[in-house]
Amino acid sequence: MAQILMAEPVKPFETFPQRQSRDSAAGLARCEVVLCAAFCTEICIVRRMAILVGERLMSVTAASERGVSGLLKVAESGTDIVVERHGHPVAAIVSMRHLHELAELEADLRSAALVLARAATDNGQRTDLDEIISTLGFKRSDLEAEIDAELAAER
């Protein structure tokens, strides 16, 4: 019973009822969010994979009888093992290759979530770095001199 990670397909921009407001700021923001959602869905679809490949259920007793080397042999062959105690999953044994794939997928999904969050909350306003520096009570020239002094001290 393999679990599949996949997202629902996102409708293209043209199918949304707000299409006529494309030129307004709200319409542009909506367009960006939809395009980002489509991008994130593409990541999910392209990277779609079974979370557990060829999942094999095994009781704790059966896993103990197989031994560590037997379990590793099965995992290395590409079959993931789910160890159950009293019918409830308590552990999974996966190959390092599959573990790296899962880590990469998690990183991709985090990036996609960040893109969506930024697109949904971006109001288009940008703040100049010099404005922030002065708001914090510093001068750019003083900060640059401090950095230069630290770099010179390290040499």
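Taking N as the residue count of region 46-155, its C-alpha radius of gyration divided by 2.2 N^0.38 Å amounts to 1.98.
Rounded to the nearest 0.05, what FRET efficiency do Glu154 and Gln125 give with R0 = 30 Å and r taken as the Cβ-Cβ distance? Could you check? Show your work: numbers first, answer last.
Working: r = 38 Å, r/R0 = 1.26.
E(calc), rounded to 0.05, equals 0.20.
Multiplying the residue separation of Leu114 and Ile132 by 0.36 nm and removing their Cα-Cα distance gives an extension gain of 4.1 nm. Label-to-label distance, Leu99 versus Lys139, with points set 7 angstrom from Cα along the beta-carbon direction: 5.5 nm.
We did not get these values from a lab; they are worked out from the coordinates using the rules stated. Not measured: the values here are computed from a predicted model. Cβ sites come from the backbone with ideal geometry, for glycine too, and all protein chains shown count toward neighbours.
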